[in-house]
Amino acid sequence: MPDVSHYPIAPDWFSISRVDDTTDMLLEPHVHVLEQANMFFVRGSERDMIIDTGMGIVPIAPYVDPLSAKPHSEIVCVSTHTHIDHIGGVHEFDIRLVHPIEAGEMAAPSIMNTIIRDEIDPKLLELFASSGYPPLDELLINALPHEGYDPASYKLKGAPATGLLEEGDTVDLGDRQFTVLHVPGHSPGSIALFEEKTGILFAGDAIYDGPLIYNGPGMSVDDYVVTMKKLQALDITIVHGGHDPSFDRKRLDEIVEKYFRIWGV
Ligand SMILES: [Zn+2]
Ligand SMILES: [Zn+2]
């Protein structure tokens, strides 16, 4: 077991930054970049939405609740897919939506359930390294959330879905409507949320401006190619991905072309 006595204590586990008037982004800066997912909180007139919930190292709800415009506003929690860095806090929300293909994994996570490197499946470690991520240290975190935190106590809880989202469904926040796109490739039940009115896409891990992971369990390059073509056909203005900084249409095309070259499309 790694000795954590020399690890610093993080004063705040989540960082929060403003994306635009209605949207904030949460991040876990002390998590290794590989598993450091972007989470987006979107305020609506009728209800709010949280897109993905991080690693579940500490509760996220205390960070999310104050972001609502109205106290006690209903919060819809959408999981873009069910990898460890996207569903950690899902059990903290009453409304939990996911694609049906990954509902089982969200209820009982099985792919990865540790923040200790030596407990991670070596095949996954190989996949992460070959995708272009920096090597992992002994832990997936470089600070502790509080004094006395024991990394061995970490558990990805998951939670059963309370509703399912499929291609063409709408997540309605009152004044804003997001269309659900099924975008498999990185995972079989990956979904993205597209606001037609503005061209904003919340992409999850279907596309982001960093090393994409497409060779692991449940992943498919063939599906990924279809997904990329589907995204290219949409009138997208800005992409808020599951990792790394947001980007515009031009960058979207560059990323797609880069992977098409890698995949020989
Ligand atoms: Zn991710
Ligand atoms: Zn992922």
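The values are calculated or read from the model by the stated rules, or taken from the named source; none is laboratory data. The shown structure was predicted, so the numbers you read here are calculated from the model rather than taken from an experiment. Ideal geometry is used to build each Cβ from the backbone, glycine not excepted, and the neighbour counts take in all protein chains shown. All accessible areas refer to the heavy atoms of the entire protein, side chains included, with ligands and DNA or RNA removed. Shrake-Rupley method; radii C 1.70, N 1.55, O 1.52, S 1.80 Å.
Note on region 183-193: residues that are open to solvent by 10 Å² or more (accessible area, probe 1.4 Å) and touching a Ser or Thr at 6+ places or on another chain (Cβ under 7 Å) amount to 1.
Residue count for region 27-47 under the criterion of being over 26 Å from G132 (Cβ atoms) and of a type outside the set (F, W, Y): the result is 6. Condition first: closer than 20 Å to Y214 by Cα and without any contact (Cβ under 8 Å) to a residue 40 or more places away in the chain. Can you find one or more residues in region 103-116 that meet it? The answer is yes; a qualifying residue exists.
Among all residues of region 7-26, there is at least one that is in contact with a strand residue (DSSP E or B) (Cβ under 7 Å, 6 or more places away or on another chain), β-branched (V, I, T), loosely packed, with under 13 Cβ neighbours inside 10 Å and farther than 28 Å from A129 by Cβ. Filtered by the rule that a residue be open to solvent by less than 50 Å² (accessible area, probe 1.4 Å), over 18 Å from F202 (Cα atoms) and either within 16 Å of ligand 1 (Cβ to nearest atom) or of a type in the set (A, V, I, L, M) (or both), region 85-101 gives G88, G89, I95. Just one residue in the set V239, V180 is surrounded by 19 or more Cβ atoms within 10 Å (Cβ to Cβ), within 22 Å of L97 (Cα to Cα) and touching a helix residue (DSSP H, G or I) at 6+ places or on another chain (Cβ under 9 Å); that residue is V239.
If you scan region 73-84, which residues turn out to be within 14 Å of ligand 1 (Cβ to nearest atom) and within 24 Å of S45 (Cβ to Cβ)? Within region 73-84, S79, T80 qualify.
Checking P71 against (1) away from ligand 2 (no atom under 16 Å from the Cβ); (2) at pLDDT 95 or above; (3) open to solvent by 20 Å² or more (accessible area, probe 1.4 Å), which single condition isn't satisfied? Going through the list (1) away from ligand 2 (no atom under 16 Å from the Cβ); (2) at pLDDT 95 or above; (3) open to solvent by 20 Å² or more (accessible area, probe 1.4 Å), P71 breaks only (2).
Of the residues in region 92-106, not one is of a type in the set (A, V, I, L, M), more than 14 Å from ligand 2 (Cβ to nearest atom) and in contact with a helix residue (DSSP H, G or I) (Cβ under 7 Å, 6 or more places away or on another chain).
Screening region 158-265 for strands (runs of 3 or more DSSP E) wholly inside it with 1 or more residues that are out of contact with any Leu (no Cβ under 9 Å at 6 or more places or on another chain), away from ligand 2 (no atom under 16 Å from the Cβ) and in contact (Cβ under 8 Å) with a residue 12 or more places away in the chain returns the ranges 170-172, 177-182.
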